[in-house]
Amino acid sequence: MPPATSSPVLRRSRDEAPTPTIRPAASSDARAQWREAFHAVRAETERRAAPLSVEDQVVQSMPDASPTKWHRAHTTWFFEQFLLLPYLAGYRVFDERFAFLFNSYYVAAGPRHARPRRGLLTRPDCAEIAAFRAHVDEAVERLIVGADDEKLSEVVRILEIGQQHEQQHQELLLTDILHAFAQNPVAPTYDAAWRAPSARSASREFVDLPAGLHSIGHAGDGYCFDNEGPAHQVYLQPARIGRGLVSNGHWLEFMAERGYATPSLWLSDGWAAVEEEGWSAPSYWRQHDGAWHTLTLAGLQPVDPDAPVTHVSYYEADAFARWAGKHLPTEAEWEVAARQDLIDDAFGVVWQWTRSAYLPYPGYRAADGALGEYNGKFMVNQMVLRGSSHATPSGHARASYRNFFYPPARWQFSGLRLLDYV
Ligand SMILES: [Fe+2]
């Protein structure tokens, strides 16, 4: 059953973004607020897992996707490894074997189970994972309550990384289970109350982007990941950016004009993917009774021409832009447009591919230690997506947020907007 809420699981404000909601204000009851924030994040993971059966939670449909049960355990291991072991005196590890099973990619934290084999872990079972979560929750609460003021500042620094990390996995939990459901001929439903995100505008209008020097990257208060800085200046050429997201209707025009069958529109690697994977429409689209349908979190639904296209790869976004005679924006162009409120649906609908490679900003250096592996070591061969999707937890994204995936990836809620040069 879906969670008992009055609204679909994923509803959030389209405009929401720059204000992190999981960082309490500094005050005398900061400990209580941090406890509350921590529990809110942990509860949201469980809320998203709640509609899923034990069988659902074990399956891994591809190496890039992880089982729900694994997400629940890995996010818990993260707190145990990086917060409780270093900072809570006398902490008792829940199960010594779990570090091997639930470490994702932190080489400095020790050896780990192979990623493509996560779906083979029928044990520990879901009940044991629930007990693991409860064990860690209790210990984190004890740590927050018992830390003196000096220690608390360091504790909350790691705590906040853990919370933001868990929020990232909350989105992955949904994209991964949707991919698993897409392999199932009966097209399962995650949440019957879910509704496709409605864009504020399906406008094909372009708006002026101010040329010249601008600052991008995170500055000031509020949480950010290390890859969002340092803030720095960029120079923008005169350009116009699409006010709205590219819609399914526009994508259907691309398909009707043989976009998927015209090699000249595609990057070489993209065309190879078209041929190898047999792409002829966005991921999860299928013909049913002569009409296009798409598998959503609410099951198989007719494709709405006014809704933003989603589940397209960078290669497809790039080919579409070429077909349209336009470009994808760079991440700098996107960020300036978002900061100046020039575009609709920057946040909360679909992530938007940019044509920027995921690279370190000028002066960026990853931190020492295992947590330095969080972002920096992935800065090659991937492309940046900006904004956020309807599956992004409330308050998680912001104008400087940099998401990144490999160019063929299609299982995220990834769409696009266009840009043209003047
Ligand atoms: Fe992770």
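Considering the alpha-carbon set of region 250-292 alone, what are its Rg and its Dmax in angstrom?
11.1, 34
Along the charge dipole of the chain, which of 155, 126, 225 sits closest to the positive end, that is, farthest toward it, with unit charges on the beta carbon of Lys, Arg, Asp and Glu (+1, +1, -1, -1)?
Result: 126.
Taking K and R as +1 and D and E as -1, what net charge do the other residues with C-beta under 15 Å from the C-beta of residue 149 add up to?
-1
Output ³J(HN,Hα) for region 126-133: one whole-Hz value per residue in order, computed from phi by the Karplus curve 6.51 cos²θ - 1.76 cosθ + 1.60 with θ = phi - 60°, and x for Gly and Pro.
For region 126-133, the Karplus-derived couplings read 4, 5, 5, 5, 4, 5, 4, 4 Hz, x marking Gly and Pro.
Given only helices, namely DSSP H runs of n ≥ 4 each adding -39500 (n - 2.57), what is the per-residue ellipticity at 222 nm of the chain, to the nearest 500 deg cm²/dmol?
Result for the chain, helices only: -10000 deg cm²/dmol.
Going by amide H atoms built from the backbone, whose H comes under 5 Å of the H on residue 229, apart from near neighbours?
218
Could you give the radius of gyration (one decimal) and Dmax (whole number) of the Cα atoms in region 307-393, in Å?
Calculated on Cα positions, Rg and Dmax stand at 14.7, 46 Å.
Per 20 Å bin, what is the whole-percent P(r) computed from every C-alpha pair distance within the chain?
Result, from short to long distances: 26, 58, 16, 0 percent.
Using label points projected 7 Å from each Cα along Cα→Cβ, tell me how many nm separate residue 368 and residue 32, to one decimal.
Going by the 7 Å Cα→Cβ label model, 3.9 nm.
Projected onto the charge dipole of region 36-123 (+1 at Lys/Arg Cβ, -1 at Asp/Glu Cβ, origin at the Cα centre), which of 82, 40, 98 gives the Cα projection farthest towards the positive end?
Final value for the positive-end residue is 98.
If one takes the longest principal axis of the Cα atoms in the chain, at what angle in degrees, from 0 to 90 and to the nearest 10, does the Cα axis of helix 30-49 lie?
Between helix and principal axis, roughly 60 degrees.
Separation between the residue 357 and residue 50 pseudo-spin-labels, each 7 Å from Cα along Cα→Cβ, expressed in nm?
Taking the two extended label points, one gets 4.5 nm.
Calculate the translational D of region 56-170 in whole µm² s⁻¹ from Stokes-Einstein, where the hydrodynamic radius comes from the Kirkwood formula applied to all Cα pairs, the temperature is 4 °C and the viscosity 1.567 mPa s.
The diffusion coefficient I find is 88 µm²/s.
Can you grab the distance from the C-alpha centre of region 244-297 to the C-alpha centre of region 301-372, Å, no decimals?
Using only Cα atoms to place each centre, the spacing works out to 18 Å.
For region 389-396, just list the computed ³J(HN,Hα) in residue order, Karplus coefficients 6.51, -1.76 and 1.60, θ = phi - 60°, integers in Hz, with x standing in for Gly and Pro.
So the Karplus estimates, Gly and Pro as x, are 10, 5, 8, 6, x, 3, x, 7 Hz.
State the extension gain, in nm to one decimal, for the chain segment bounded by residue 39 and residue 148, taking 0.36 nm per residue of separation less the distance between their alpha-carbons.
37.2 nm
When the dipole is taken about the Cα centre of the chain, and only Lys, Arg (+1) and Asp, Glu (-1) are charged at their Cβ, what size is it in debye, to the nearest 20?
Roughly 200 debye, rounded to the nearest 20.
What value does region 213-312 have for Rg/Rh, both radii from Cα atoms and Rh as Kirkwood defines it?
1.11
Looking at the P(r) of region 59-113, how many percent of alpha-carbon pairs lie beyond 17 Å?
39
Taking other Cβ within 10 Å of each residue's Cβ, how do 328, 236 sort, fewest first?
236, 328
Once fully extended, how much extra length lies between residue 379 and residue 208, figured as 0.36 nm per residue of separation less the alpha-carbon to alpha-carbon distance?
My answer for the length gained is 58.5 nm.
Using the Cα centre as the reference, give the magnitude of the dipole from point charges on the C-beta atoms of region 35-90 (Lys, Arg: +1; Asp, Glu: -1; all else neutral), rounded to the nearest 20 debye.
140
So, with +1 on the Cβ of K and R and -1 on the Cβ of D and E, and no other charges, what is the size of the charge dipole of region 164-216 about its Cα centre, to the nearest 20 debye?
Charge dipole, region 164-216, about its Cα centre: 200 debye, nearest 20.
No lab work stands behind these numbers, since they all come straight from the coordinates. Owing to the predicted nature of the structure, the values given are computational and were not obtained by experimental measurement. Using ideal geometry, Cβ is built from the backbone for each residue, glycine included, and neighbour counts are taken over all protein chains shown.
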